[in-house]
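This report refers to the structure that appears directly beneath it.
Nothing in this text is a laboratory measurement; each read-out follows from the coordinates by a stated rule. The model shown is predicted, which means the values in this text are computed figures rather than measured ones. Note: ideal-geometry Cβ built from the backbone for every residue, glycine included; neighbour counts use all protein chains shown.
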Amino acid sequence: MKSVQRLYYIDAIRAWAILMMLQGHFIDGLLDPAFRDKENELFSWWLYFRGITAPVFFTVSGFIVSYLLLSNKAQNHHNPRIKKSLKRGLELILYGYLLRLNFGGLFKGQLYNAFYQVDVLHCIGLALLSIVLLYKIHLWLSDLGLKWAYAIIQFSIVLLLFLGEPYYKTVEYEYLPKLFANYLNKANGSVFTIIPWLGYSSFGALLSQVYLRFQNKPYFYPFFILSSLLSGLLLIHYSSGFFTELITLHSTFAFLQEVVNNNYLFIRLGDVLIVFAVFASLRGLTKYKSIVKIGQSTLTTYIIHYIILYGSFTGYGLYRFYKKSLNWAEATTYALLFMLICTLSAVVYHHFKPRLKTWITCVKHGFLKRLKQLL
């Protein structure tokens, strides 16, 4: 493996996705229902593009962690990226639960039901853990000469989760504790579930191995951009028709009718591929420090936005006071301000983070030294 190359356009995709998420959550939470007219072309376009954000986030997350694992020079079980990726995955799950804590409930000695609900951080964290597990399996299979086993497994997961979605989404998990059942269905109010969203992370992991295998070949980027664009358009416009044709060919494919009836997963995968194609084609313009910094601070931005909008810990957020009460002009204007505050706060925090860590370390050592003197 050659040394890892920083893909600045991936940072740009992350920056775009976090900005889309900020405005999407703000407008969706605070816009008055009177303005939610799906017949309105503007609202219809906004609603469609809002639906692209989550698939892009999951795909990019899977791509990045897998890219870093596969590109590390130590391609063995002592790869340092394994530990870092495991730590990152567990951190995301922890942050997901922390953001749903309510101090008022804790003081009463209880955890509200919202604490157990699963959101995007939980699912991405679990997706990262699954990618590490599959990477370990990949290492064992590579020793047996199966170099492409990793990609084949990830591709199989995508097909299994996307094609089986109409069936497993109806399964009830009453025999499981709520803490675990919430990862599998939305019966208790979970926003995301690992099924089917893990499929996008698996696709990102699959894409990373293909990317690493061919990125140094001549004309790689023109081919990557064109193939991503064409594949995306085919999935968006023709995946339903393709499945319909399979159904007519043989009764074995009759189960695909349920996929055709609600074919959002493959269509959104097409959207993801087009996003990759667009940003890859603009990769020369994505090295600006401001774009890179926003892309590198998405977790902090997410945490800040969650606290301000939904009132983590206290229950007092914008959503509590202005829930579904703004008109279009107010919602869009304040959404822009909200985006600016969240991203700027995250970038400033990361700028001073090293100094803050140094200060905390000094205070801690000073406190321990003083404590030893007193003892």
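Looking at the range 57-145, which trypsin sites (Lys or Arg not before Pro) are in a loop (DSSP not H, G, I, E or B) and have at most 13 other Cβ atoms within 10 Å?
Those that pass, being in a loop and sparsely packed, are Lys73, Lys108.
Just check the range 249-312 against the gyration tensor rule for me: Cα atoms, a ≥ b ≥ c as the square roots of the eigenvalues, rounded for a/c under 1.5, and otherwise prolate or oblate depending on whether a/b exceeds b/c.
Note, shape of the range 249-312 comes out oblate.
Mind sorting Val278, Val158 by how few other Cβ atoms lie within 10 Å of their own Cβ, fewest first?
Listed from fewest to most nearby Cβ atoms, that is Val278, Val158.
Would you mind counting up the charge near Thr193? Only other residues with Cβ under 9 Å from its Cβ, with Lys and Arg at +1 and Asp and Glu at -1.
Net local charge, Thr193 excluded: +2.
Sequence neighbours fewer than 8 away in the same chain don't count; with that in mind, list the lysines whose C-alpha is under 17 Å from Lys73.
Leaving aside lysines fewer than 8 places away in the same chain, those within reach of Lys73 are Lys2, Lys83, Lys84, Lys136, Lys147.
Once a ≥ b ≥ c are taken as the square roots of the eigenvalues of the Cα gyration tensor of the range 1-109, is the result rounded (a/c under 1.5), prolate (a/b larger than b/c) or oblate (a/b not larger than b/c)?
Oblate is the answer for the range 1-109, as a/c is 1.5 or above yet b/c matches or exceeds a/b.
For the range 8-374, what does the relative contact order come out to in percent, with C-alpha contacts under 8 Å and a separation of six or more?
It rounds to 29 percent for the range 8-374.
What does the C-alpha gyration tensor say about the overall shape of the chain? Classify as rounded when a/c is under 1.5, otherwise prolate if a/b is larger than b/c, or oblate.
rounded
Hey, fewest Cβ within 10 Å first, where do Arg14, Arg6 land in order?
Final ranking by Cβ density, sparse to dense: Arg6, Arg14.
Please enumerate, by chain and number, the aspartates and glutamates with C-alpha under 20 Å from the C-alpha of Lys353, excluding those fewer than 8 residues away in the same chain.
Asp11, Glu91
Fewest to most neighbouring Cβ within 10 Å: what's the order for His25, His138?
Going from sparsest to densest Cβ surroundings: His25, His138.
Which of the helices in the chain, when you take each full DSSP H run, stretch at least 24 Å along the axis at their Cα atoms and have an average Kyte-Doolittle score of 1.0 or higher?
Flagged H segments are 53-71, 120-143, 220-249, 264-281.
Residues with amide H under 5 Å of Leu326's amide H, sequence separation 5 or more or different chain, H placed in the peptide plane at 1.01 Å from N; which?
Amide H to amide H, under 5 Å and 5 or more residues apart or across chains, Leu326 pairs with Leu31, Asp32.
Using packing as a proxy for protection, rank 61-68, 147-154, 302-309 so that the peptide with the highest average count of other Cβ atoms within 10 Å comes first.
Ranking, from highest mean packing down: 61-68, 302-309, 147-154.
Out of His237, His250, His350, any idea which swings most in a Gaussian network model of the chain, alpha carbons joined below 10 Å?
Sorting by GNM fluctuation, first place goes to His250.
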